[in-house]
1. With the checklist (1) touching a residue at least 12 places away in the same chain (Cβ under 8 Å); (2) within 24 Å of residue 130 (Cα to Cα); (3) surrounded by fewer than 19 Cβ atoms within 10 Å (Cβ to Cβ) in hand, flag the one item residue 111 doesn't pass.
2. Inside segment 12-31, can you point out the residues that are more than 17 Å from the chain's Cα centre (by Cα) and surrounded by 14 or more Cβ atoms within 10 Å (Cβ to Cβ)?
3. Enumerate the pairs (first residue in segment 48-75 and among the polar types (S, T, N, Q); second residue anywhere and surrounded by 14 or more Cβ atoms within 10 Å (Cβ to Cβ)) with beta-carbon separation below 7 Å, excluding pairs fewer than 6 apart on the same chain, so at least 6 apart or on different chains.
4. Have a look at 116, 103 and point out the one that is more than 30 Å from residue 23 (Cβ to Cβ) and among the hydroxyl-bearing types (Ser, Thr, Tyr).
5. Read through the list (1) at pLDDT 95 or above; (2) surrounded by 12 or more Cβ atoms within 10 Å (Cβ to Cβ); (3) among the hydrophobic types (A, V, I, L, M, F, W, C), then give the number of the only condition that residue 100 fails.
6. Scan (1) part of a helix (DSSP H, G or I); (2) exposed (fewer than 13 other Cβ atoms within 10 Å of the Cβ) for the single condition residue 126 breaks and write down its number.
7. Got at least one residue in segment 78-87 being closer than 23 Å to residue 21 by Cβ and either of a type in the set (Lys, Arg) or surrounded by fewer than 18 Cβ atoms within 10 Å (Cβ to Cβ) (or both)?
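The values are calculated or read from the model by the stated rules, or taken from the named source; none is laboratory data. From a predicted model like this one, the values you see are computed outputs, not experimental measurements. Glycine also receives a Cβ, built like all others from the backbone with ideal geometry; neighbour counts cover every protein chain displayed.
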Amino acid sequence: MYSTHTQHLVPFHDVDSMMVVWHGHYVKYLELARCDFLDSIGYSYKAMRDSGFAWPVVDMRIKYIKPLEFGQQIDVECYLMESEYRLKLGYVIRDAASGIKITKGYTVQVAVDLQTNELCFESPPALIKALAKKLTVNSETT
C-alpha cells in the first residue's frame, strides 16, 4: 500500500481555551496530507486542473479517538483506498513521538470535467497514469 507521511506541529491558533484542537481544524490537517500525497504521485491540484478536471470532495468521515493539543507534533499518514471510479484516500493521525493513533478518516473526491461541468463515472486517464507510474516505481524500490 502506497502512503505518504506529513508532519505538523499543532499551532496555538488551532486550539480552544482548553488548549485542545477545535474539531474543524482536523479537516485542514487532512488537506495538507492530501496535497502531499497528490504531489508525490505527480497529480497535484494544478495538474488536475491542467488535465481538465476538478476533484471536489463529496464525502468525508473523521473519527476522533483522542484530542490533539497545542504544541503536539503529529504525523498524518495518507493512503490510497480506491481510484477506479473515484479517489478515496484514508488518513491516520498519530502522535509523532509515541505513534499513538489519535484520529482516522477518509475523503472521497470525484472527477468533474471542467469543460462540460459533468461528473465522470470513471477516473480520468491522467490520475490512473500518475498512480500506475508511482506504484510501479514504488514496488521496484521495495
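1. (3)
2. 14, 15, 19, 20, 21
3. Correct list of pairs: 51/124; 51/126; 72/10; 72/95; 73/96.
4. Working: 103 fails: more than 30 Å from residue 23 (Cβ to Cβ).
So the residue among 116, 103 that is more than 30 Å from residue 23 (Cβ to Cβ) and among the hydroxyl-bearing types (Ser, Thr, Tyr) is 116.
5. Failed condition: (2).
6. Just one mismatch for residue 126, condition (2).
7. yes
Every residue, every condition in (1) farther than 25 Å from residue 116 by Cβ; (2) of a type in the set (S, T, N, Q); (3) touching a Ser or Thr at 6+ places or on another chain (Cβ under 8 Å), yes or no:
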site: 14; (1), (2), (3): yes, no, no
site: 45; (1), (2), (3): no, no, no
site: 66; (1), (2), (3): yes, no, yes
site: 87; (1), (2), (3): no, no, yes
